[in-house]
1. Among the listed residues 294, 260, which satisfies the condition of being part of a helix (DSSP H, G or I), within 30 Å of residue 67 (Cβ to Cβ), modelled with pLDDT of 90 or more and in contact with a strand residue (DSSP E or B) (Cβ under 7 Å, 6 or more places away or on another chain)?
2. For the range 132-147, enumerate the residues that are open to solvent by less than 80 Å² (accessible area, probe 1.4 Å), assigned to a strand (DSSP E or B) and at pLDDT 95 or above.
3. Filter the range 194-217 for residues that are touching a strand residue (DSSP E or B) at 6+ places or on another chain (Cβ under 7 Å) and part of a helix (DSSP H, G or I); which is surrounded by the fewest Cβ atoms within 10 Å (Cβ to Cβ)?
4. I'm trying to understand the selection: among the residues of the range 1-37, which are over 19 Å from residue 96 (Cβ atoms) and either out of contact with any strand residue (DSSP E or B) (no Cβ under 6 Å at 6 or more places or on another chain) or modelled with pLDDT under 95 (or both)?
5. If residue 17 satisfies every condition in (1) charged (D, E, K, R); (2) part of a loop (DSSP other than H, G, I, E, B); (3) free of Cβ contacts under 8 Å to residues at least 40 places away in the same chain but one, which is the exception?
6. With respect to residue 126, is the statement that it is of a type in the set (Phe, Trp, Tyr), buried (at least 18 other Cβ atoms within 10 Å of the Cβ), within 17 Å of the chain's Cα centre (by Cα) and at pLDDT 95 or above true?
7. Pairs, please: C-beta under 7 Å, at least 6 apart or cross-chain, first residue basic (Lys, Arg) and in the range 136-158, second open to solvent by 30 Å² or more (accessible area, probe 1.4 Å)?
Amino acid sequence: MTDAAALTGWTLAYSGKVRDLYTSPDHPGRVLMVASDRVSAFDHVLEPGIPGKGELLTTLSKWWFAQLDGVPNHLAPSTGSGTEAVSGAAIPEAVATRAMLAVTLDMYPVECVVRGYLSGSGWLEYQATQSVCGIALPAGLNDGDRLPEPIYTPAWKAPLGEHDENISFERTVELVGAEVASALRDASRDIFTRASAIAEARGIILADTKFEFGAHPETGELTLGDEVLTSDSSRYWDAALYETGDRTASFDKQIVRNWLKANWDPSTATPPPALPQEIVAQTAARYRELIERLTGE
């Protein structure tokens, strides 16, 4: 991506669809994660971006990390006794509201997806096989139905530019070993259950989400990394509207996906069209509303 900021003292190490990662010799073992305003759908980065999106995603991730007491996460601990701890002072002012200083984890090549409701790619797979990632589900379910219990449906993290691939639990064992595969599954289910209860108390349904984990380089401890429970990594619905039968009022970029599907064929080689300003504005508003309803701020 060409819009990554030039940050004094930091070197751009990787630029993804949404996040830019920086390293610095002054902060060994740390990575600066900067969330951009870029928006992606159907494996394409779209134009224009969503104003303020990077700050909103970062704010929500930090809030969720604080709610998940006892779950190790990648945020670098503060050091020093001054009024401004090193972890905060290390972040350049230009990106302070949309960046996290994180411990460099040994990331596992698995996206840990948990679904409490049948939707998205899970719904498509269910229609064909009555199962999701090898997990058999009851007959007669409809798009958006709540599942009898949350299911863990991992995906293989494909390299940039390739499609992520839904995989079975058995395949994760082949990728990372039985012990780590079980730990990823158990941690993902536990966090999803806790987060669902928090969201439900605020009138929000957490339909599904994905987590990413790595091993802490010093302790080997399973550690939650990347973003967590954001509008980009999760599917959130308005609980009151869901009860009326409206399963389209999501707090994420579904507005963008719907517009693209109506105005462009993702299966072609034709680049996606630019997003209209009204779609950009509506998406930004939904991101902000989710944060306000979850955090009360």
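The values are calculated or read from the model by the stated rules, or taken from the named source; none is laboratory data. Keep in mind the model is a prediction, meaning the values are calculated, not measured. All Cβ positions, even for glycine, are placed from backbone atoms using ideal geometry, and neighbour counts span all protein chains on display. Please note that ligands, DNA and RNA were not included when accessible areas were found on the heavy atoms of the full protein model with its side chains. Shrake-Rupley method; radii C 1.70, N 1.55, O 1.52, S 1.80 Å.
1. Residue meeting the stated conditions: 294.
2. Across the range 132-147, the qualifying residue is only 147.
3. Selected residue: 196.
4. 1, 2, 14, 15, 16, 17, 25, 28, 29
5. The single condition residue 17 does not satisfy is (3).
6. no
7. Close Cβ pairs satisfying both conditions: 157/109; 157/164.
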